[in-house]
Amino acid sequence: MDINFKRGFDIPLKGSAPCQLDGKIREGTCAVRAIDFRHITRPKLVVSVGDTVKAGSPLFFDRVFPKVQHTSPASGEVVEIRRGEKRKLLEVVILMDKETNFLSFPSFAAEKLSELDRDQVIDILCRSGLWPHLIQRPFGVMADPETNPDAIFVSAIDTSPLASDYTFLLDGEKDCFQAGLRILRRLTPGPVHLSISGIPEKQGFFPEVAKEEKVILHQVTGPHPAGNVGVHIHHIRPINKGDIVWTLDPCGLRQIGKLFLKGQYDATKRLSITGPSAAHPTYLETISGISIKKVVEQQQIDPEAVRVISGNVLTGSAVDAEKGYLGFHHHQITLLPEENRPEFLGWILPSFQKLSVHRGVGLFSFLNPNKLREIGTNMHGEARAFVQTGAWEKFLPMDILLLYLIKAILAEDYDEMEALGIYELIEEDIALCEFTDVSKQNLQMILREGIDLMRAD
Amino acid sequence: MKFLEKIVHAQRKHFREGGKLARFYYAFEALETFLFVPEHTTPRSGSVHIRDGMDMKRMMVTVILSMVPCLIFGIWNVGHQSYLATGVEGISCATKMWIGLQVVLPMIAVAYASGLGVEFIFAIFRRHPVNEGFLVSGMLIPLVMPPTIPLWQVSLATIFAVLVGKEVFGGTGMNIFNVALLARAFLYFAYPSEISGDSVWTYIGEGAVVDGYSGATPLAVAASTVGNQEAVPVLDLYEGVWKTGLYDIGNLFLGLIPGSVGETSTLMCLIGALILIGTGIGSWKIILSVFAGSYVMGLIFNLIGLNEFMLLPPHYHWVIGGLAFGAVFMATDPVTASHTELGKWIYGFCIGLLTVLIRVFNPAYPEGIMLAILLMNVFSSLIDHFVISSHKKRRLKRVPAVS
């Protein structure tokens, strides 16, 4: 199915990385961050400081999902276990060996993958630490290994600001990716939907691998959030109450394919360093959970004046430039200027710089829509009551009345939340609406509160 | 500006918790954020890291800008009508503006002072930031008042509208009724002699009116035919008005007629509509459907034809009275209008229908747009309710596009 999205907006942010690798970083420390896994409520550590681990050795698991291990991306020594308030587990830090030792898992020939037993596949994925790549919709939490999804969706197009091209991230990994698709087919009785860019130059090897049985290819075009998997689900197989589908990032899919072909948890990934504050936007080859300090060393940033974000500017989270680590699901670092200065009469003085999707007195950015801009972290205003109507919907290509859904969440009205489509949304889908919101409300946080209410119910 | 920034920020400590003036914090904050957009940055996680450059203050200023053509024309027209009525000719544009300014500026000042006073007092006692919504209401209120209105009534109406129309519902964004229209409706019911009849719509000042002068507005002239078996067609009455050509269609469209300060000129309202629609702040669906609704009702009345007002060509309804002003600036108030896109069509269309209906059937007070909008303010949530119900049903019936 081909989908052409009209609603949305591509934020013209400065600092995209040219598609070429600028070195490898595989030294120092890396970490597995418990906060990357939303399902974790009662983690149980299985290592302590001083233990040596291999790539793929379990570090901790959650007592609710005892089968699902969270494993080390590299071999080395556990040097620190960081805890937050009330001893909440934050991250397990590993000092990497020079040469990676892999814990070995069963490996299979590519043509045998389609014959594997579902339980065996689940068992290997859970033990290897790759299971948490599988995200369940509704709610955007880790998939439950005990459930059977109606379909699995993979979006191999990323339209978020300064996003990487998946054809470059997965360059030369066609076999692993294809193997991953075969594994996914073992996990669901339904189809595996692979959505890719409608632009032929950005399709890479994806059309070839989608020739597998029960893999359905979709081509999408349009501005952000056209690449969001949630938007694809809405148009291809909308979920109502009781439906469950799983989603997966293509980089995670590649790791899964490699696990079954080679019998190793290879956490290698290409990482883009982007953003207006990056001195040299670039790509590095590194591993999951790498230390931020290592990867931003070349960027000459002042930690006071620059915000380091693991992920993109819409959905990522800020990390400490000294002590932070890359998020499990992320393959992008964005460096943004901290704009923490008051602006004299900033609400009325004319500006050609200030980017806005809206039209208003003195906002002239629309005269030069393609100019790449240095956008900082300022709120550009204060939080206000919802006044404008019909504005968010221009940035959400779904048949959802977002204003009413948000109000239902604030009113904690469970029936309304359900009827208005909370099952179809997670934070990333409405991040663009939040960016454009004139009332400066934190819509993603409100939506997560609603999702948490529904999950608890 | 560093210098000013330092001075202002140095005052902050007095208004912080524990400071001497802590209870006035939100009043201080309102003034501070008027001077400086604050240094607030986006949260470090769970939210977007960059934000759009538009904020509520700029949006409201844009709405005020869209009213400026109506305001300037209205000021001039107050002077113009005054000299027409007294029969003085050869008066310069500047002099007419000067007369108008003397009438209109005090009204604006009183409306803003009264309304913002209430807003600040509520912000201080209810401990919430001052919202910008009143910046628009405060400009709308003088524009929908007759030029002869006593200033104390402007003040009283504004205070009533802000208090009962807005603050008791929880403040900006929570109100059911359009604040400016509520101010006008308050005066209409509390002090009808100052806001209805034939003598309030023209500012006369010191002079004496010419022979044959009548202050009846086109709407009042049309309404006078209702219930009168021997009435001549309304258009003949317009032709025979005391000043030749005063109620020609061209004059009506331009707004060179007596009426409330800012609402006489359809042309100026359309310029405002262009700004509102061009910026996307006002809903073109509402504006268009108000005009469409009134035209349809006018046509239906043409077919029934019980009296001469019913037989008025429908497009005349667009240029007499405050229909255009109400359609562009009042019906589009996003808080009190329907919030769903389909709802906006229905909401606007019903306002148009009701306006003409009230004009023809309520000759005691023929200005229908005010009551029509206030009535539809009440029904806007109901319209939304039905639109949302059908939306929910449609969502349940969805089937996979690909299985």
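Since every read-out is calculated from the coordinates, none of them should be taken as a lab result. This one's a predicted model, so the numbers in the text were calculated from it and none came from an experiment. No Cβ is skipped: glycine too gets one built from the backbone with ideal geometry, and neighbour counts run over all protein chains shown.
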### Query
Using all Cα-Cα distances in the stretch B:201-276, what percent lands in each 10 angstrom bin from 0 up to the longest?
17, 43, 29, 10, 1
#### Entry: Value of Rg/Rh across the stretch A:105-261 [Cα atoms, Kirkwood radius]
0.94
### Message
Filter A:K241/B:K393; A:K98/A:K174; A:K44/A:K88; A:K440/B:K6; A:K202/A:K371 down to the pairs with a C-alpha to C-alpha distance above 18 Å, please.
### Response
A:K98/A:K174; A:K440/B:K6; A:K202/A:K371
#### Entry: Value of relative contact order over chain A, rounded to a whole percent, pairs C-alpha under 8 Å and six or more apart
19
### Task
Please give the helix B:56-86 orientation as an angle from the longest Cα principal axis of chain B, in degrees from 0 to 90, rounded to the nearest 10.
30
#### Entry: Where Rh is the Kirkwood radius over Cα pairs, Rg/Rh for the stretch A:162-220
0.97
#### Entry: Residue order, fewest to most beta carbons within 10 Å, for A:D119, A:D150
A:D119, A:D150
### Task
Using every Cα-Cα pair within the stretch A:360-457, state what percent have a distance larger than 19 Å.
47
### Query
Quick one: if the Förster radius is 60 Å, what FRET efficiency do A:K112 and B:L396 give, using the C-beta to C-beta distance and rounding to 0.05?
0.90
## Note on the structure
Of all C-alpha pairs within chain A, those more than 28 angstrom apart amount in percent to 52
### Task
Within the stretch B:134-161, which residues have the backbone N less than 19 Å from the label spot 7 Å out from B:V168 along Cα→beta-carbon, could you tell me?
B:155-161
## Note on the structure
Note, the stretch A:341-346: 3J(HN,Hα) by Karplus (6.51, -1.76, 1.60, θ = phi - 60°), whole Hz, Gly/Pro = x, goes 10, x, 10, 5, 6, x
### Percentage, to the nearest whole number, of Cα pairs in the stretch A:278-355 over 17 Å apart
50
### Query
Semi-axes of the equivalent ellipsoid of the stretch A:332-415: what are they in whole Å, largest first, if each equals the square root of 5 times a C-alpha gyration tensor eigenvalue?
29, 16, 16
## Note on the structure
Applied in sequence order to the stretch B:159-176, the curve 6.51 cos²θ - 1.76 cosθ + 1.60 (Karplus, θ = phi - 60°) yields integer Hz couplings, x standing for Gly and Pro, of 4, 4, 5, 5, 5, 7, x, 10, 5, 5, 8, x, x, 3, x, 10, 6, 8
### Message
If you average the C-alpha positions of the stretch B:324-377 and of the stretch B:26-91 separately, how far apart do those two centres end up, in angstrom?
### Response
24
### Task
Using amide H atoms built 1.01 Å from N in the peptide plane, name the residues 5+ places from A:I244, or on other chains, whose amide H lies under 5 Å from its own.
A:D150
### Query
For the stretch B:45-116, what is one quarter of the convex hull surface built on the Cα atoms, given in nm²?
7.3
### Query
Based on the alpha-carbon gyration tensor of the protein assembly as shown, what equivalent-ellipsoid semi-axes (square roots of 5 times the eigenvalues) come out, in whole Å, largest first?
63, 30, 22
### Message
Under 13 Å from a point placed 7 Å out from the Cα of A:K6 along the Cα-to-Cβ direction: which residues of the stretch A:322-361 have their backbone N that close?
### Response
none
### Task
Check each of the trypsin sites (Lys or Arg not before Pro) in the stretch A:59-139 and keep only those in coil by DSSP with at most 13 other C-beta atoms within 10 angstrom; list them in order.
A:R63, A:K88, A:K98
### Message
Which of B:S214, B:S381 has the fewest other C-beta atoms within 10 Å, and how do the rest follow up to the most?
### Response
B:S381, B:S214
### Query
Which residues' amide hydrogens lie under 5 Å from the amide hydrogen of A:H218, considering only partners 5 or more residues apart or on another chain, with H built in the peptide plane?
A:L194, A:S195, A:I196
### Query
Could you give the distance between the Cα centres of the stretch A:339-411 and the stretch A:246-301, to the whole Å?
31
#### Entry: Cβ-based charge dipole, chain A, positive-most Cα from A:F108, A:P207, A:V53
A:V53
#### Entry: Size descriptor, Kirkwood hydrodynamic radius, that averages inverse alpha-carbon separations across the stretch B:16-81, Å
16.0
### Query
How much length, in nm to one decimal, is gained on full extension between B:K2 and B:A231, taken as 0.36 nm per residue of separation minus their Cα-Cα distance?
75.3 nm
### Query
If you take the alpha carbon radius of gyration of the stretch B:239-321 and divide it by 2.2 N^0.38 Å, what ratio comes out, to two decimals?
1.23
### Part-to-part distance (alpha-carbon centres) for the stretch B:142-200 and the stretch A:202-219, which is given in Å
64
### Query
Can you give the longest stretch of chain B with no exposed loop site, where a site means GluC sites (Glu not before Pro) in a DSSP loop (not H, G, I, E or B) with at most 12 other C-beta atoms within 10 Å?
B:231-403
### Task
Nearest 5 is fine: what % of DSSP beta bridges in the protein assembly as shown come out antiparallel, could you say?
65
### Message
For the pair A:K394/B:H9, report the inter-label distance in nm, with labels modelled 7 Å from Cα in the Cβ direction.
### Response
3.4
### Summary
The Cα extents of the stretch A:1-118 along the principal axes, largest first and rounded to whole Å, are 52, 44, 36
### Message
Normalised by the empirical 2.2 N^0.38 Å for globular proteins, what value does the Cα Rg of the stretch B:254-376 take?
### Response
1.00
### Query
If we count GluC sites (Glu not before Pro) as exposed when they sit in a DSSP loop and have at most 12 other beta carbons within 10 Å, what is the longest stretch of chain A that avoids them all?
A:1-98
#### Entry: Percent of C-alpha pairs per 5 Å bin, the stretch A:296-445, short to long
2, 8, 14, 18, 18, 16, 14, 8, 3, 1, 0
### Message
Tell me the angle of helix B:93-126 to the major Cα principal axis of chain B, expressed in degrees between 0 and 90 and rounded to the nearest ten.
### Response
40
### Message
Given N residues in chain B, what is its alpha carbon radius of gyration divided by 2.2 N^0.38 Å?
### Response
1.10
### Task
Report the net charge of residues surrounding A:F344, where surrounding means a beta-carbon distance below 11 angstrom and charges are Lys +1, Arg +1, Asp -1, Glu -1.
0
### Task
May I ask you to evaluate 6.51 cos²θ - 1.76 cosθ + 1.60, the Karplus curve with θ = phi - 60°, for each residue of the stretch B:260-270 and list the ³J(HN,Hα) values in order in whole Hz, giving x for glycine and proline?
4, 3, x, 9, 6, 8, 5, 4, 5, 5, 5
### Query
How large is Rg over Rh for the stretch A:172-267, taking Rg from the Cα atoms and Rh as the Kirkwood inverse mean of 1/r across Cα pairs?
0.97
## Note on the structure
Under 5 Å from the placed amide H of A:F60, counting only residues 5+ away or on other chains, we find A:V46, A:H70
### Task
Work out, in µm²/s and without decimals, the Stokes-Einstein translational diffusion coefficient of the stretch A:63-195 at 37 °C, 0.692 mPa s, Rh from Kirkwood over C-alpha pairs.
188
### Query
For q = 0.17, 0.18, 0.23, 0.26 Å⁻¹, what log10 I(q)/I(0) does the stretch B:326-403 give under the Debye formula with an equal point scatterer on each alpha carbon and no solvent?
-0.66, -0.71, -0.97, -1.12
